[in-house]
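Below: the structure, in structure tokens.
Please treat every number below as a calculation from the coordinates, not as lab data. The model shown is predicted, which means the values in this text are computed figures rather than measured ones. Please note: Cβ atoms are built from the backbone with ideal geometry, for glycine as well, and neighbour counts cover all protein chains shown.
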Amino acid sequence: MVEALERIGDAVSEETAITIAALVLLLGLLIAYLSYRWTHSLFRRTGLDDIVEGTTFERAAGRFGTSTAGVIGTLLALSVFAIAALTAFNITRVFEMDVFWVQVVALLPQLLVAAFAVIVGFIVGDKAKLVVQERLRSVKLPETALIPELVKYSIYYIAALIALAQVGVTTTALLVLLGAYVFGLILLAAVAFKDLLAAGAAGVYLLLNEPYSIGDEVRIDSKRGIVQEVTMFVTHIETDGEEHIIPNSQVFRSGIVRLRD
């Protein structure tokens with residue numbers, strides 16, 4: 001392709017080469033604009049606008065007066081125009097571009113994949129956080145608030161690793177980063193979710209053995225009431241218009257008194 005463009009430049013006069021290059025730039029500008037509009041149309045037709053609504057990336061883009069579709073469309077348009085500009089430069093022989101053209105053609109798809117991975121990572125991470133939050137809504141323990149954040153940033157991290165791999169970061173460095181991240185997650189889980197894991201283990205025991213059930217009047221430490229619900233992590237008891245949500249680890253540790261009339 002490069003040689004063909006160079007032959008065009010050699011076969012015509014300098015003025016004609018400049019004219020052809022200008023036409024190529026205008027055509028590239030038109031295609032770039034159509035690509036930008038096509039991206040917005042694609043987001044509307046496929047419902048992607050609704051999917052990305054409310055995500056961190058969408059909010060960040062909104063602060064700059066644009067949107068996720070706008071960012072992707074702009075990247076696509078810039079890529080198209082960059083190709084047109086390089087083609088025009090090659091026709092006019094402004095400078096030697098043999099090696100440069102080969103490098104650009106090889107690198108451009110990787111840059112697009114890297115940008116796409118980052119954008120998709122932001123969108124999927126935010127949506128995964130919302131799904132996990134919904135699933136854990138009934139668990140009234142403070143440690144559970146960390147789980148959706150961990151899920152979100154784990155997806156961000158994976159997307160970043162994919163992007164780094166596309167721009168040429170060595171596999172060894174990526175493995176080291178991944179190992180450090182996994183070690184950090186394990187350490188954080190051991191510290192932050194110690195009580196949560198204890199509550200879950202106690203909840204399994206209570207659900208299997210059923211020392212008390214819904215409707216029983218019980219006393220746990222100084223709290224007395226009617227059992228309303230028993231989950232894997234907490235026990236709900238209610239008395240005099242008050243609802244006490246007690247971690248099952250506390251029930252298991254303190255013992256429970258079942259009251260009889």
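Once amide H atoms are placed 1.01 Å from N in the peptide plane, what residues at a sequence separation of 5 or more from V234, or on another chain, have their amide H within under 5 Å of its amide H?
Long-range HN contacts for V234: N248.
Quick one: if you stick a label point 7 Å off each Cα along the C-beta vector at L130 and T66, how many nm between them?
My value for the distance between the label points is 2.3 nm.
Which ³J(HN,Hα) values in Hz, rounded to whole numbers, follow from the phi angles of region 34-51 under the Karplus curve 6.51 cos²θ - 1.76 cosθ + 1.60, where θ = phi - 60° and Gly and Pro get x?
In residue order, the calculated couplings are 5, 5, 4, 5, 4, 4, 5, 5, 4, 4, 5, 5, 8, x, 5, 4, 6, 5 Hz.
Through the Karplus equation 6.51 cos²θ - 1.76 cosθ + 1.60, θ set to phi - 60°, convert the phi angles of region 244-256 into ³J(HN,Hα) values in whole Hz; use x for Gly and Pro.
For region 244-256, the Karplus-derived couplings read 9, 10, 10, x, 5, 5, 5, 4, 5, 6, 8, x, 9 Hz, x marking Gly and Pro.
Between R260 and Y153, how high is the FRET efficiency from 1/(1 + (r/R0)^6) when r is the Cβ-Cβ distance and R₀ = 51 Å? Nearest 0.05.
Efficiency, from the Cβ-Cβ distance: 0.55.
Note the full-extension length gain between V113 and E238 as 0.36 nm times their separation in residues minus their Cα-Cα distance, in nm to one decimal. Mind dumping the intermediate values first?
Values: separation 125, 0.36 × 125 = 45.00 nm, distance 5.47 nm.
Here the segment from V113 to E238 would lengthen by 39.5 nm.
Amide H neighbours of H244 under 5 Å, at least 5 residues apart or on other chains, H built in the peptide plane: list them.
I237, E238, T239
Work out from phi, with θ = phi - 60° and the Karplus expression 6.51 cos²θ - 1.76 cosθ + 1.60, the ³J(HN,Hα) of each residue of region 149-162, listed in order in whole Hz, and give x for Gly and Pro.
Computed from phi, the couplings for region 149-162 are 5, 5, 4, 4, 6, 5, 5, 4, 5, 4, 4, 5, 5, 4 Hz.
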